[in-house]
Amino acid sequence: MYCRGRFGIVKKCMELDTATRFCAKFIKSRPSQKEEFKREISVMNSLHHSRLIRLYDAFEEPKQIILVME
């Protein structure tokens, strides 16, 4: 299952070892936006609150950024 938004696509995913479910957000990006995304990832990693979605992992590909979240 997936949802499409203005900036990308969100898909359900699961870690095979633990069967933990996550969401993966695929965001199209240009090379000029990479630093901005890295700052956002840094901020997301520093925030810890029960009402905020926690960033589990992030991957960088040439044309997109993938954010894996709870």
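The values are calculated or read from the model by the stated rules, or taken from the named source; none is laboratory data. Since we're looking at a predicted model, the values are computed, not measured. Backbone-built Cβ (ideal geometry, glycine too); neighbour counts: all protein chains shown. Just so you know, the surface numbers come from the protein's heavy atoms only, side chains and all, with ligands and any DNA or RNA stripped out. Shrake-Rupley method; radii C 1.70, N 1.55, O 1.52, S 1.80 Å.
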### Message
Tell me the carbon and sulfur percent of the accessible area for the chain, rounded to whole percent, probe radius 1.4 Å.
### Response
55
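Rounded if a/c is under 1.5, else prolate if a/b is larger than b/c, else oblate: which is the chain, with a ≥ b ≥ c the root eigenvalues of its Cα gyration tensor? Could the numbers behind the result be given before it?
On the way: a/c = 1.76, a/b = 1.23, b/c = 1.43.
Verdict is oblate for the chain.
Got a sec? What order do V10, V68 fall in by accessible area at 1.4 Å, biggest, i.e. largest, first?
Values: V10 50, V68 15 Å².
Highest to lowest solvent-accessible surface, that is V10, V68.
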## Note on the structure
Dividing the mean separation of Cα pairs under 8 Å (6+ apart) by the residue count of the chain yields a relative contact order in percent of 29
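Computed FRET efficiency, Cβ-Cβ of D17 and R51, R0 22 Å: what is it to the nearest 0.05?
Working: r = 28 Å, r/R0 = 1.27.
With a Förster radius of 22 Å, E is 0.20.
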### Query
When only DSSP loop residues count, what chymotrypsin sites (Phe, Trp or Tyr not before Pro) in the chain have their Cβ near at most 13 other Cβ atoms within 10 Å?
F7
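Could you do me a favour and compute the accessible area per residue for the chain, 1.4 Å probe, result in Å²? All intermediate terms of the calculation are to be shown ahead of the outcome.
Numbers: 5970 Å² over 70 residues.
Counting only protein heavy atoms, the per-residue value for the chain is 85 Å².
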## Note on the structure
Summing -39500 (n - 2.57) over every DSSP H run of at least 4 in the chain, dividing by its residue total and rounding to the nearest 500, the 222 nm mean residue ellipticity is -6000 deg cm²/dmol
